[in-house]
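The values are calculated or read from the model by the stated rules, or taken from the named source; none is laboratory data. Treat the numbers as computed from the prediction; the structure is a model and nothing was measured. Neighbour counts run over all protein chains shown; Cβ positions are idealised from the backbone, glycine included. Only protein heavy atoms, including side chains, enter the accessible area calculation; ligands, DNA and RNA are left aside. Shrake-Rupley method; radii C 1.70, N 1.55, O 1.52, S 1.80 Å.
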Amino acid sequence: MLEVRNLRKAFGTHEVLKDISFSMRKGEVVAIIGPSGSGKSTLLRCLNQLESASGGTITIDGLTIHADHRLRRQELMALRRKAGMVFQSFNLFPHMTVLRNISLPQERVLGRSRAEADKRSLALLERVGLVDKAGQYPARCSGGQQQRIAIARALALDPQVMLFDEPTSALDPEVGLEVLAVMKELADAGMTMVVVTHEMHFAETVSDRVLLMADGHILEDGPSKEVMRNPKSERAKRFLHAVLNR
Ligand SMILES: Nc1ncnc2c1ncn2[C@@H]1O[C@H](COP(=O)(O)OP(=O)(O)OP(=O)(O)O)[C@@H](O)[C@H]1O
(Lines give C-alpha, C1' and ligand atoms only; values in the text may rest on other atoms or scores of the structure.)
Protein backbone atom coordinates (compact mmCIF):
# COMPACT_ATOMS: atom_id res chain seq x y z
CA MET A 1 0.00 0.00 0.00
CA LEU A 2 2.94 2.34 0.71
CA GLU A 3 6.48 1.85 -0.45
CA VAL A 4 9.46 4.16 -0.06
CA ARG A 5 12.62 3.31 -2.01
CA ASN A 6 16.01 4.97 -1.60
CA LEU A 7 14.48 8.29 -0.57
CA ARG A 8 16.89 11.16 -0.13
CA LYS A 9 16.28 14.78 0.78
CA ALA A 10 18.76 17.62 1.10
CA PHE A 11 18.20 21.24 2.05
CA GLY A 12 21.11 22.87 0.21
CA THR A 13 24.15 20.83 1.20
CA HIS A 14 22.47 19.51 4.36
CA GLU A 15 21.40 15.89 3.75
CA VAL A 16 18.40 15.33 6.00
CA LEU A 17 17.18 11.97 4.63
CA LYS A 18 19.83 9.48 3.55
CA ASP A 19 18.62 6.51 1.53
CA ILE A 20 15.38 5.73 3.35
CA SER A 21 13.53 2.55 2.33
CA PHE A 22 10.52 0.84 3.93
CA SER A 23 7.13 -0.47 2.95
CA MET A 24 3.79 -0.79 4.71
CA ARG A 25 0.80 -3.07 4.41
CA LYS A 26 -2.79 -1.86 4.32
CA GLY A 27 -4.09 -1.45 7.86
CA GLU A 28 -0.64 -1.21 9.40
CA VAL A 29 0.10 1.51 11.98
CA VAL A 30 3.69 2.70 11.93
CA ALA A 31 5.17 5.10 14.49
CA ILE A 32 8.26 7.09 13.52
CA ILE A 33 10.33 8.05 16.54
CA GLY A 34 13.84 9.38 17.09
CA PRO A 35 15.87 12.32 18.31
CA SER A 36 15.01 15.89 17.39
CA GLY A 37 16.32 16.80 13.94
CA SER A 38 16.63 13.18 12.79
CA GLY A 39 14.38 13.82 9.76
CA LYS A 40 11.04 12.38 10.94
CA SER A 41 8.83 15.30 9.89
CA THR A 42 10.74 15.76 6.64
CA LEU A 43 10.09 12.10 5.77
CA LEU A 44 6.38 12.51 6.48
CA ARG A 45 6.22 15.75 4.47
CA CYS A 46 7.88 14.00 1.52
CA LEU A 47 5.18 11.30 1.63
CA ASN A 48 2.46 13.77 0.68
CA GLN A 49 4.78 16.07 -1.28
CA LEU A 50 4.77 19.06 1.04
CA GLU A 51 8.49 18.61 0.45
CA SER A 52 9.84 17.21 -2.79
CA ALA A 53 12.51 14.56 -2.37
CA SER A 54 15.98 14.84 -3.87
CA GLY A 55 16.11 11.17 -4.88
CA GLY A 56 14.19 7.90 -4.77
CA THR A 57 10.55 6.90 -5.22
CA ILE A 58 7.39 6.83 -3.14
CA THR A 59 4.40 4.67 -4.06
CA ILE A 60 1.10 5.21 -2.29
CA ASP A 61 -1.85 3.03 -3.23
CA GLY A 62 -0.59 2.47 -6.76
CA LEU A 63 0.54 6.06 -7.44
CA THR A 64 4.32 6.34 -7.83
CA ILE A 65 6.20 9.59 -7.37
CA HIS A 66 9.74 9.82 -8.73
CA ALA A 67 11.93 12.47 -7.14
CA ASP A 68 13.20 13.62 -10.52
CA HIS A 69 9.73 14.11 -12.08
CA ARG A 70 7.64 17.10 -11.14
CA LEU A 71 4.08 16.06 -10.36
CA ARG A 72 1.29 17.50 -12.45
CA ARG A 73 -1.42 19.29 -10.50
CA GLN A 74 -3.87 16.43 -11.06
CA GLU A 75 -1.38 13.87 -9.71
CA LEU A 76 -0.70 16.04 -6.67
CA MET A 77 -4.44 16.32 -5.99
CA ALA A 78 -4.80 12.53 -6.34
CA LEU A 79 -1.93 12.01 -3.92
CA ARG A 80 -3.36 14.45 -1.35
CA ARG A 81 -6.66 12.56 -1.52
CA LYS A 82 -4.93 9.27 -0.86
CA ALA A 83 -2.83 10.62 2.02
CA GLY A 84 -4.68 12.66 4.66
CA MET A 85 -2.42 14.80 6.82
CA VAL A 86 -2.82 16.01 10.40
CA PHE A 87 -0.38 18.67 11.59
CA GLN A 88 0.90 19.69 14.99
CA SER A 89 -0.87 23.06 14.66
CA PHE A 90 -4.38 21.95 13.52
CA ASN A 91 -4.53 24.50 10.62
CA LEU A 92 -8.31 24.99 10.71
CA PHE A 93 -9.82 27.99 8.89
CA PRO A 94 -10.65 30.45 11.70
CA HIS A 95 -13.39 32.30 9.80
CA MET A 96 -15.43 29.15 9.06
CA THR A 97 -17.57 27.07 11.39
CA VAL A 98 -16.39 23.64 12.39
CA LEU A 99 -18.89 22.09 9.96
CA ARG A 100 -17.71 24.28 7.04
CA ASN A 101 -14.09 23.41 7.82
CA ILE A 102 -14.91 19.76 7.19
CA SER A 103 -17.46 20.17 4.38
CA LEU A 104 -15.67 22.66 2.14
CA PRO A 105 -12.73 20.40 1.17
CA GLN A 106 -15.21 17.64 0.25
CA GLU A 107 -17.07 20.03 -2.06
CA ARG A 108 -13.86 21.39 -3.61
CA VAL A 109 -11.86 18.18 -3.91
CA LEU A 110 -14.48 15.44 -4.25
CA GLY A 111 -17.27 17.49 -5.87
CA ARG A 112 -19.80 16.49 -3.21
CA SER A 113 -22.93 18.61 -2.87
CA ARG A 114 -23.18 20.75 0.23
CA ALA A 115 -25.91 18.50 1.66
CA GLU A 116 -23.86 15.35 1.05
CA ALA A 117 -20.72 16.95 2.49
CA ASP A 118 -22.54 18.21 5.59
CA LYS A 119 -24.04 14.76 6.20
CA ARG A 120 -20.60 13.16 6.05
CA SER A 121 -19.10 15.93 8.23
CA LEU A 122 -21.70 15.42 10.93
CA ALA A 123 -21.08 11.66 10.92
CA LEU A 124 -17.35 12.30 11.33
CA LEU A 125 -17.92 14.84 14.09
CA GLU A 126 -20.02 12.21 15.83
CA ARG A 127 -17.14 9.76 15.43
CA VAL A 128 -14.65 12.14 17.11
CA GLY A 129 -17.20 13.06 19.80
CA LEU A 130 -17.76 16.69 18.73
CA VAL A 131 -21.07 16.83 16.91
CA ASP A 132 -22.25 19.55 19.32
CA LYS A 133 -19.47 21.85 18.02
CA ALA A 134 -20.66 21.81 14.38
CA GLY A 135 -21.95 25.40 14.40
CA GLN A 136 -19.11 26.90 16.46
CA TYR A 137 -15.96 28.62 15.24
CA PRO A 138 -12.63 26.88 15.90
CA ALA A 139 -11.48 29.57 18.35
CA ARG A 140 -14.30 28.49 20.69
CA CYS A 141 -12.89 24.95 20.82
CA SER A 142 -10.00 23.71 22.95
CA GLY A 143 -6.73 22.64 21.32
CA GLY A 144 -7.64 18.98 21.73
CA GLN A 145 -11.04 19.57 20.17
CA GLN A 146 -9.47 21.48 17.27
CA GLN A 147 -7.11 18.60 16.63
CA ARG A 148 -9.99 16.10 16.64
CA ILE A 149 -11.79 18.38 14.13
CA ALA A 150 -8.63 18.38 12.00
CA ILE A 151 -8.66 14.58 12.07
CA ALA A 152 -12.34 14.56 11.00
CA ARG A 153 -11.48 16.97 8.17
CA ALA A 154 -8.70 14.72 6.91
CA LEU A 155 -10.95 11.65 7.12
CA ALA A 156 -13.66 13.44 5.13
CA LEU A 157 -11.68 12.96 1.92
CA ASP A 158 -11.70 9.16 2.41
CA PRO A 159 -7.89 8.79 2.48
CA GLN A 160 -6.13 5.45 2.01
CA VAL A 161 -3.51 6.40 4.59
CA MET A 162 -3.43 8.98 7.38
CA LEU A 163 -0.20 10.85 8.12
CA PHE A 164 0.16 12.45 11.57
CA ASP A 165 2.96 14.92 12.27
CA GLU A 166 3.38 15.14 16.06
CA PRO A 167 -0.37 15.65 16.52
CA THR A 168 -0.23 16.07 20.30
CA SER A 169 2.97 18.10 20.72
CA ALA A 170 1.14 21.43 20.99
CA LEU A 171 -1.34 20.10 23.57
CA ASP A 172 -1.42 19.71 27.34
CA PRO A 173 -0.85 16.05 28.22
CA GLU A 174 -4.42 15.52 29.42
CA VAL A 175 -5.94 16.99 26.26
CA GLY A 176 -3.42 15.08 24.17
CA LEU A 177 -4.88 11.87 25.56
CA GLU A 178 -8.28 12.69 23.99
CA VAL A 179 -6.58 12.98 20.62
CA LEU A 180 -4.59 9.79 21.11
CA ALA A 181 -7.82 7.98 22.02
CA VAL A 182 -9.36 9.04 18.69
CA MET A 183 -6.22 7.88 16.89
CA LYS A 184 -6.35 4.53 18.68
CA GLU A 185 -9.97 4.08 17.58
CA LEU A 186 -8.94 4.80 14.00
CA ALA A 187 -6.11 2.29 14.25
CA ASP A 188 -8.46 -0.32 15.72
CA ALA A 189 -10.88 0.32 12.84
CA GLY A 190 -8.15 -0.69 10.37
CA MET A 191 -6.88 2.67 9.09
CA THR A 192 -3.37 2.65 7.63
CA MET A 193 -1.44 5.24 9.64
CA VAL A 194 2.03 6.79 9.78
CA VAL A 195 2.53 8.72 13.02
CA VAL A 196 5.56 10.88 13.78
CA THR A 197 5.44 11.07 17.53
CA HIS A 198 7.21 11.78 20.80
CA GLU A 199 4.50 9.75 22.59
CA MET A 200 6.44 6.62 23.43
CA HIS A 201 3.45 4.96 25.08
CA PHE A 202 1.44 5.35 21.87
CA ALA A 203 4.35 4.03 19.81
CA GLU A 204 4.72 0.99 22.04
CA THR A 205 1.09 0.10 22.63
CA VAL A 206 -0.94 1.30 19.62
CA SER A 207 1.38 1.07 16.63
CA ASP A 208 2.17 -2.29 15.06
CA ARG A 209 5.62 -1.24 14.09
CA VAL A 210 8.22 1.36 15.00
CA LEU A 211 10.77 3.02 12.73
CA LEU A 212 13.48 4.64 14.83
CA MET A 213 15.37 7.34 12.95
CA ALA A 214 18.62 9.09 13.72
CA ASP A 215 20.65 11.42 11.55
CA GLY A 216 18.57 10.81 8.41
CA HIS A 217 18.70 7.01 8.60
CA ILE A 218 16.26 4.35 9.79
CA LEU A 219 18.24 2.66 12.56
CA GLU A 220 15.55 0.24 13.70
CA ASP A 221 12.47 -1.12 11.96
CA GLY A 222 10.44 -3.82 13.65
CA PRO A 223 7.44 -4.77 15.79
CA SER A 224 6.84 -1.96 18.31
CA LYS A 225 7.57 -3.84 21.51
CA GLU A 226 10.69 -5.44 20.06
CA VAL A 227 12.17 -2.11 18.95
CA MET A 228 11.17 -0.29 22.14
CA ARG A 229 12.45 -3.00 24.51
CA ASN A 230 15.35 -4.55 22.61
CA PRO A 231 16.83 -2.06 20.19
CA LYS A 232 19.89 -3.39 18.40
CA SER A 233 21.97 -0.29 17.72
CA GLU A 234 23.81 1.64 20.43
CA ARG A 235 22.35 4.96 19.18
CA ALA A 236 18.79 3.63 19.48
CA LYS A 237 19.54 2.24 22.94
CA ARG A 238 20.81 5.63 24.08
CA PHE A 239 17.78 7.44 22.67
CA LEU A 240 15.27 5.06 24.24
CA HIS A 241 17.13 5.05 27.54
CA ALA A 242 16.92 8.86 27.63
CA VAL A 243 13.23 9.12 26.72
CA LEU A 244 11.95 6.11 28.66
CA ASN A 245 14.26 6.33 31.68
CA ARG A 246 14.78 2.60 31.39
N1 LIG B 1 12.62 23.78 5.19
C2 LIG B 1 13.83 23.48 5.70
N3 LIG B 1 14.94 24.13 5.31
C4 LIG B 1 16.15 23.83 5.82
N5 LIG B 1 16.37 22.85 6.74
C6 LIG B 1 15.30 22.18 7.17
C7 LIG B 1 13.98 22.44 6.68
N8 LIG B 1 13.12 21.58 7.30
C9 LIG B 1 13.87 20.82 8.14
N10 LIG B 1 15.17 21.18 8.05
C11 LIG B 1 16.28 20.55 8.80
O12 LIG B 1 16.21 19.16 8.58
C13 LIG B 1 16.57 18.45 9.75
C14 LIG B 1 15.48 17.45 10.09
O15 LIG B 1 14.32 18.17 10.46
P16 LIG B 1 12.96 17.43 10.83
O17 LIG B 1 11.98 18.49 11.23
O18 LIG B 1 12.59 16.51 9.74
O19 LIG B 1 13.40 16.58 12.09
P20 LIG B 1 12.51 15.85 13.18
O21 LIG B 1 13.16 14.53 13.42
O22 LIG B 1 11.09 15.86 12.75
O23 LIG B 1 12.72 16.79 14.45
P24 LIG B 1 11.72 17.18 15.65
O25 LIG B 1 11.50 15.93 16.44
O26 LIG B 1 12.50 18.21 16.43
O27 LIG B 1 10.48 17.73 15.02
C28 LIG B 1 16.85 19.48 10.83
O29 LIG B 1 18.23 19.70 10.90
C30 LIG B 1 16.13 20.71 10.30
O31 LIG B 1 16.76 21.89 10.76
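Here are the numbers for the structure shown:
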{"item": "Number of positions in the stretch 32-51 that are of a type in the set (A, V, I, L, M) and touching a Lys or Arg at 6+ places or on another chain (Cβ under 7 Å)", "result": "1"}
{"item": "Criterion (closer than 22 Å to Pro167 by Cβ and without any contact (Cβ under 8 Å) to a residue 40 or more places away in the chain) met by exactly one of Leu92, Leu130", "result": "Leu130"}
{"item": "The stretch 131-161, residues that are surrounded by fewer than 22 Cβ atoms within 10 Å (Cβ to Cβ) and either within 16 Å of the ligand (Cβ to nearest atom) or not in a helix (DSSP H, G or I) (or both)", "result": "Ala134, Gly135, Gln136, Tyr137, Cys141, Ser142, Leu157, Asp158, Pro159, Gln160"}
{"item": "Residues satisfying the stated conditions in the stretch 213-223, i.e. within 11 Å of the ligand (Cβ to nearest atom) and not in a loop (DSSP other than H, G, I, E, B)", "result": "Met213, Ala214"}
{"item": "In the stretch 7-36, the residues that are more than 15 Å from the chain's Cα centre (by Cα), under 15 Å from Leu211 (Cα atoms) and near the ligand (Cβ under 9 Å from one of its atoms)", "result": "Leu17, Gly34, Pro35, Ser36"}
{"item": "From Ser89, Ser169, residue being within 21 Å of Met193 (Cβ to Cβ) and open to solvent by 60 Å² or more (accessible area, probe 1.4 Å)", "result": "Ser89"}
{"item": "Among (1) open to solvent by 10 Å² or more (accessible area, probe 1.4 Å); (2) within 16 Å of the ligand (Cβ to nearest atom), the one test that Glu3 misses", "result": "(2)"}
{"item": "Matching entry among Arg73, Arg45 (being away from the ligand (no atom under 16 Å from the Cβ) and among the basic types (Lys, Arg))", "result": "Arg73"}
{"item": "Filter result for Ala53 (within 15 Å of the ligand (Cβ to nearest atom) and open to solvent by less than 40 Å² (accessible area, probe 1.4 Å))", "result": "yes"}
{"item": "Residue that is more than 22 Å from Leu92 (Cβ to Cβ), in contact with a helix residue (DSSP H, G or I) (Cβ under 7 Å, 6 or more places away or on another chain), modelled with pLDDT of 95 or more and crowded, with 16+ Cβ neighbours inside 10 Å, where the choices are Leu219, Leu124", "result": "Leu219"}
{"item": "Within the stretch 172-195, considering residues that are open to solvent by 10 Å² or more (accessible area, probe 1.4 Å) and in contact with a strand residue (DSSP E or B) (Cβ under 8 Å, 6 or more places away or on another chain), the one farthest from Gln106 (Cα to Cα)", "result": "Ala187"}
{"item": "Residues of the stretch 190-210 that turn out to be of a type in the set (Lys, Arg) and within 13 Å of the ligand (Cβ to nearest atom), as a count", "result": "0"}
